[in-house]
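Step one of this worksheet: look at the structure below.
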Amino acid sequence: MSVRGETMLWIAQRASAVLLAVCVTVHLVTMTYAIRGGLSAVEIFARTRGSIGWLAFYTLFVVAVTVHVPIGLRSALGEWLGWRGRSRDMVLAAFALALGALGMRAVLGVFA
Amino acid sequence: MGDGEIGTGNEASGAKLSVRIWRGARQGEFVRYQVPRHVSQTVLDVVTYVQRVLDPTLAYRFACRVGMCGSCAMTVNGVARWTCRTHVDKVAREGRLEVAPLRNLPVIRDLVTDMREFFDKWARAQGRFRGGATRHEDVARIRPDSAARMQVEAGIECIGCGVCYASCDVVARNPDYLGPAALNRAWTLVNDVRDIARTDRLRAVAGDAGCHACHTQMGCTERCPKNIAPTASIAGLKRETARAALRGEW
C-alpha cells in the first residue's frame, strides 16, 4: 500500500474512533435507561421499529465499527504475527465487508 | 574519573557492588563481578573498573563521559540509560547492578551494539538539513519565540544515544519502524523554515514504518536522558502528514 494510502487509513481510524466514542456512549446510556424500568425486548422493539432516527444512529455505529476495527487489526496482525502485505489487506477487506453485512443485518432487524 | 583513581581511594567504607554484565553477542551469559563502591560513582565508572582492573576483554563504548556524545547508553537493571550520567546510588537495587547492551539493536560484543540501523533510519527519515539559500543571500532571521522555532528547540538537543530506540516496543515489534529519534529529528527539520525538503520528508516519515506506527506508549519520552519528548514530535508529524495527505501534496 502507498504511503498516502496508509496515512488515509490512519485518518479514517482516528475519525471513526471519534464517532465510536459518541456512539458507544449513547448506546450504553440508552440501554441502561431503557431497561431501568423493566422494559421487555418486545416493548423496546415497539419503540425502535420504523424509527428513522435509530436506523440512522445504528447505521452510523456500524459504519464506524466497519472502518475502525479492520484498521486496528491490520496493525495488530503486522506487529504480533508479522503478517503484512497484500494478503493481509485482502483478508481484512473481506472481514470489513462481513462486519458491515452482519452489523446492518442486526440494525435492520431492530428497524424493520 | 581518570586512570588510577578507580578503586584506589574515596571508597565508601570498603563496600562492594555486585555487578552482572552481559558477555557475548546474541548468545552469551551474565558474568558476575565485585566492584568497590565509591561516592558519586556512575555506572560507566563501574564498567570501566571491570574492564581496566578485572577483565580487559570486556567490550563497551564511551567517549565524552559528560553526557554529550551519546556513546555510552546501556541497559541498566532492565532500563536503557546513559551510563556516564547515571549514578549507581540511583539505580542499584540492594547493592546489585545488571548491565546489558541496548535492546532492539544487534549486539556486536558484550555491551557494544551495532548502531548502523539506528542511524540509517535517520537518513531514511530525511534527517539531513536541505537549505535553499546561497551565500549571496542574507542569513535567515528567525524569532526565537516563533511557534515553529520553539518546536525545533524542544527536540534539537538529541545526542543520538539510542535510549529511546531501545525503549520503544514498536521498534521491537516492527523492525522497519523508523523509531523515536529519527522521527524527532525529522520534526525539527519540518519546523525549520529554512529547509526546503518538507514535502519529501513528510512522505518519508508517514505510513506503517513511520510516525503512524507509534502507539503513544511514551517509553521514549519516559526514558530520554535529555528530557526530550519524541512522542510530541511524532504527534506533530502525524498531524502534518495527515494534512499533506488530505491536500494531496503527495
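Annotations for the structure displayed:
- Exactly one residue among A:T30, A:T25 is away from every other protein chain (no Cβ under 14 Å), in a helix (DSSP H, G or I), surrounded by 13 or more Cβ atoms within 10 Å (Cβ to Cβ) and over 13 Å from the mean Cα position of the chain (by Cα), and that residue is A:T30.
- Only one of B:R93, B:R103 that is charged (D, E, K, R) and either assigned by TED's automatic domain parsing to the domain that holds B:I196 or within 25 Å of B:P56 (Cα to Cα) (or both): B:R103
- Scan of segment B:43-71 for residues that are hydrophobic (A, V, I, L, M, F, W, C), assigned to a loop (DSSP other than H, G, I, E, B), closer than 14 Å to B:P225 by Cβ and touching a residue at least 40 places away in the same chain (Cβ under 8 Å), ordered by number: B:M68, B:C69
- Residue match in segment A:33-45 (condition: farther than 28 Å from B:G207 by Cα and either within 14 Å of chain B (Cβ to nearest Cβ) or of a type in the set (D, E) (or both)): yes
- Candidates A:L73, A:L9, A:L92, A:L20 - the one that is on the phi < 0 side of the Ramachandran plot, away from every other protein chain (no Cβ under 14 Å) and modelled with pLDDT of 95 or more: A:L20
- Candidates B:P230, B:P225, B:P180, filtered to the one that is away from chain A (no Cβ under 12 Å), crowded, with 23+ Cβ neighbours inside 10 Å and over 23 Å from B:I142 (Cβ atoms): B:P180
The values are calculated or read from the model by the stated rules, or taken from the named source; none is laboratory data. Not measured: the values here are computed from a predicted model. Note that we place each Cβ from the backbone using ideal geometry, even for glycine, and neighbour counts take in every protein chain shown.
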